[in-house]
Amino acid sequence: MIIDVHYHLMPKLSEKVVRNLAKSAVRMAQGMGKTVDPEDIFKQASEFYPDPAGEHLISIMDESGIDLTLICMVDNVTIPQLKPENMQRGNKIIGDISQKNPGRVMALAGVDPRRPEAPDMLKQCFEEFGVRGLKYHPDDGYDPCGPDSYKLLEVLMEYNGILLTHTGPLGPPSRCKYAEPMLLADLAVDFPDLQVIAAHMGMINWRPWAALAAHQPNLYGDMAMWDHYAFTNYNLFCRELRDLIDYAGISKVLFGTDNPIPYIIEPTKNWIDLLKDLPDKAPNGIVFTREEIDAILGGNASSILGLEV
């Protein structure tokens, strides 16, 4: 079974947002040594990123051999257009998509904990929209272990939900200090039963995440955006992934894509195939077992989600 625990379902996008996302895709392509036309990438992004019915999501899953995907929304109270009612419309859309595709799609609501109405919003997402958890982007300017967050996480615990929270540096306007993996340390003390997935495992700053994950039973991490490392510098990627697994333990690493953003640059099937080939193609002196790769691609997530493989 292959499970993608990190997919951004974007029902509707303005031209400005599409251009910003397309620029990220172009930078990714350039890092991989690919020559691309920015306007062509923008055109592809305009056609593919908005996905109000989840059709592009399912097409990527079918093409790539992905059995289950966790789709998420992202809320940011500092964006004036993102009123609570607008966010709830988006959260309902991803909830509806998950309910129309049972067994294949699960939804994680986007709720910014700085909103006064955040707890009520999350309750509605669980009770009416059928979500499975919550997505945070604390680099938008809030502490994932701050007082506002704790009020929301208490609601999340009531519904036995999962937290997927961004970690790792990004470019401006991201406030990277709030995405430090070590900021998640208190969650193991104050919410010991909460299952937390650190999106990207801190990326290049993975060691603090690994230090925590090695000691915190319910802290995991996903490999979204690590495909950029893999396709840019394969040997370095293999060394870093091997060290990360040896520090944190294989059970803590989950497959993720950050789709649909990278998909128009590199098909997701290629990312999955690269991981599947690690036992045979890793550089000399670096060893991955078939069991480890199976665990990353789906076995670990199946256990967290309580699925039967």
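Residues that are surrounded by fewer than 18 Cβ atoms within 10 Å (Cβ to Cβ), in a helix (DSSP H, G or I) and at negative phi do not occur anywhere in region 214-231. Among the residues of region 51-69, the ones that are of a type outside the set (A, V, I, L, M) and farther than 20 Å from Arg89 by Cα come to 7 in all.
Give the residues of region 284-309 that are of a type outside the set (A, V, I, L, M) and at pLDDT below 95, sorted by residue number. Residues satisfying the conditions are Gly306, Glu308. Residues that are in contact (Cβ under 8 Å) with a residue 40 or more places away in the chain and β-branched (Val, Ile, Thr) within region 131-161 comprise just one, Val131. For region 154-177, the candidate set comprises residues that are touching a strand residue (DSSP E or B) at 6+ places or on another chain (Cβ under 9 Å) and part of a helix (DSSP H, G or I); within that set, the residue that is surrounded by the fewest Cβ atoms within 10 Å (Cβ to Cβ) is Val155. The helices (runs of 4 or more DSSP H) located wholly in region 251-309 that include 2 or more residues which are closer than 30 Å to Ile41 by Cβ occupy 268-276, 278-281. Restricting region 232-269 to residues that are surrounded by fewer than 21 Cβ atoms within 10 Å (Cβ to Cβ) and basic (Lys, Arg) leaves a set whose member that is farthest from Arg207 (Cα to Cα) is Lys269.
Is it the case that Lys151 is farther than 25 Å from Glu85 by Cβ, at pLDDT 95 or above and surrounded by fewer than 16 Cβ atoms within 10 Å (Cβ to Cβ)? Before the answer, list the steps.
On the way: farther than 25 Å from Glu85 by Cβ: no; at pLDDT 95 or above: yes; surrounded by fewer than 16 Cβ atoms within 10 Å (Cβ to Cβ): yes.
Taking the combined requirement at face value, the residue does not satisfy it.
Annotation for region 92-114: no member residue is in contact with a His (Cβ under 9 Å, 6 or more places away or on another chain), of a type in the set (Gly, Ala, Ser) and surrounded by fewer than 22 Cβ atoms within 10 Å (Cβ to Cβ). Does Gln88 fit the bill of being surrounded by fewer than 19 Cβ atoms within 10 Å (Cβ to Cβ) and outside any loop (DSSP other than H, G, I, E, B)? Spelling it out, it is not the case that Gln88 is surrounded by fewer than 19 Cβ atoms within 10 Å (Cβ to Cβ) and outside any loop (DSSP other than H, G, I, E, B). Taking every residue in region 109-130 that is within 20 Å of Gly146 (Cβ to Cβ) and pairing it with any residue that is hydroxyl-bearing (Ser, Thr, Tyr) and part of a loop (DSSP other than H, G, I, E, B), at least 6 positions away or on another chain, the pairs with Cβ-Cβ distances below 6 Å are Arg114/Tyr142.
Is there a residue being hydrophobic (A, V, I, L, M, F, W, C), without any contact (Cβ under 8 Å) to a residue 40 or more places away in the chain and out of contact with any Cys (no Cβ under 8 Å at 6 or more places or on another chain) anywhere in region 85-102? Within region 85-102 (the criterion being hydrophobic (A, V, I, L, M, F, W, C), without any contact (Cβ under 8 Å) to a residue 40 or more places away in the chain and out of contact with any Cys (no Cβ under 8 Å at 6 or more places or on another chain)), the answer is yes, since at least one residue qualifies. Thr232 meets all of the listed conditions (1) under 28 Å from Asp193 (Cα atoms); (2) out of contact with any Ser or Thr (no Cβ under 9 Å at 6 or more places or on another chain); (3) in contact (Cβ under 8 Å) with a residue 60 or more places away in the chain but one, namely (1). Once region 274-290 is narrowed to residues that are free of Cβ contacts under 8 Å to residues at least 40 places away in the same chain and either over 16 Å from Asn233 (Cα atoms) or touching a Cys at 6+ places or on another chain (Cβ under 7 Å) (or both), the residue that is surrounded by the most Cβ atoms within 10 Å (Cβ to Cβ) is Lys276.
The values are calculated or read from the model by the stated rules, or taken from the named source; none is laboratory data. As the structure is a prediction and not an experimental result, all values here were calculated from the model. Positions of Cβ are generated from backbone atoms using ideal geometry, with glycine treated the same way; all protein chains shown enter the neighbour counts.
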